[in-house]
1. Divide by every residue of the chain the summed helix terms, -39500 (n - 2.57) for each DSSP H run of at least 4, and state the resulting mean residue ellipticity at 222 nm, rounded to the nearest 500 deg cm²/dmol.
2. I'd like to check one number: the per residue accessible area of the chain, probe 1.4 Å, reported in Å² as a whole number.
3. Report the gain in length on full extension from LEU86 to LYS46: 0.36 nm times residue separation, minus Cα-Cα distance, nm rounded to one decimal.
4. Between the stretch 62-127 and the stretch 150-182, what's the alpha-carbon centroid distance in Å?
5. Answer with one residue from TRP75, TYR48, PHE34: the one whose Cα lies farthest towards the positive end of the charge dipole of the stretch 1-125, charges on Cβ with Lys, Arg +1 and Asp, Glu -1.
6. Going toward the positive end of the dipole of the chain, with +1 on Lys and Arg Cβ and -1 on Asp and Glu Cβ, which of GLY64, PHE188, VAL218 do you reach last?
7. Please report, ordered by residue number, every helix of the chain (full DSSP H runs) that is 18 Å or longer along its axis going by C-alpha atoms and whose mean Kyte-Doolittle hydropathy reaches -1.0.
8. According to a simple spin-label model (label point 7 Å from Cα along Cα-to-Cβ), what is the distance in nm between ALA273 and GLN8?
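The values are calculated or read from the model by the stated rules, or taken from the named source; none is laboratory data. Since we're looking at a predicted model, the values are computed, not measured. Neighbour counts are summed over all protein chains in view; Cβ atoms, including those assigned to glycine, are modelled from backbone coordinates with ideal geometry. Keep in mind that these areas ignore ligands, DNA and RNA; they rest on the heavy atoms of the full protein, side chains included. Shrake-Rupley method; radii C 1.70, N 1.55, O 1.52, S 1.80 Å.
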Amino acid sequence: MKKNHIKQSLGSRIFNVVNVILLAFLAIITFYPFWDCLVVSVSSLKSYLQTGIHLWPSEWSFEGYSYMIQTAELWTSYANSIFITLVGTLVNMIITIMAAYVLSKKDLKGHRILMFLAVFTMMFSGGIIPTYMVVKSLGLMNSLWSMILPSAINTYNLIVLRNFFADLPVELEEAAKLDGCTDVGILFKIMVPISKPAITTVTLFYAVDHWNDFFSAVMYISNRAKWPLQLFLRSMLFENDAAYSGSGESLFLLGQPMKMAAVMMSIILIMCAYPFFQKYFTKGVMTGAVKG
């Protein structure tokens, strides 16, 4: 049996060709900075200085990785970042899920007022100084909790989950209530298990935010033992630049390759985790993002 093919017009074919070329170009310029970082991290300082565009290491060297692995402060900051990411994401999800489920109930008294107050925080905030004063008054300075509790809930993620819950069949809750299930039981035994795409998406959003959080650490943490990975990287890069410009005898003279090795080590966990959650992104966000 012959298949019927719709003949494309000349304009459609030109559009497809231009579209493919444009998307390929965007893919290349997006991927190259990461590739450049990887190539420089496994190159010697000499080959780095001699090469302008880094497509492949001309002289392999793992001195940068060797130095970073032996740095105890790196692993301390790594542990701090892992704690902030895991505990912070857990706190975020518990509060966000419970708040989103409550706000998804149209028969809730004051529903519109509560939604307005939630959305209002997306447009206006207390500001840096009032937030700093609140954190200080609560005794959270130089504590890892200062990077968790002030950002315990994100309004955008709250709205995504709220819209997802609102779109679920009401009959499920009615049937559960007839069986004697409480509201808490309905949420955690019925709603959460069938909302895995949206919950996984929001979880990854929160985790990435915590892992990359730099500003909160600068604001609230001055104790080096409590520094997350981002502050350690900033300190290491500054010290690297100072030692390199001074031409002194120092392991920091490894220069740019060591910087790139540190960057690669800082993103390896997210890179390993992301492929396992990527499939939930489109389904989770699109399902909960366009409902009123």
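1. On the way: 13 runs with 200 residues, N = 292.
Helices in the chain give a 222 nm mean residue ellipticity of -22500 deg cm²/dmol.
2. Numbers: 17910 Å² over 292 residues.
Value for the chain: 61 Å² per residue.
3. Working: separation 40, 0.36 × 40 = 14.40 nm, distance 3.98 nm.
Gain in length upon complete extension: 10.4 nm.
4. Centre-to-centre (Cα) distance: 19 Å.
5. Projecting each Cα onto the dipole axis, the largest value belongs to PHE34.
6. PHE188
7. Details: long enough: 10-41 (47 Å, 1.68); 72-103 (46 Å, 1.42); 111-123 (19 Å, 1.62); 196-212 (24 Å, 0.18); 229-246 (25 Å, 0.25); 256-289 (43 Å, 0.81).
Counting only whole DSSP H runs, the qualifying helices are 10-41, 72-103, 111-123, 196-212, 229-246, 256-289.
8. The modelled label-to-label distance comes out at 4.0 nm.
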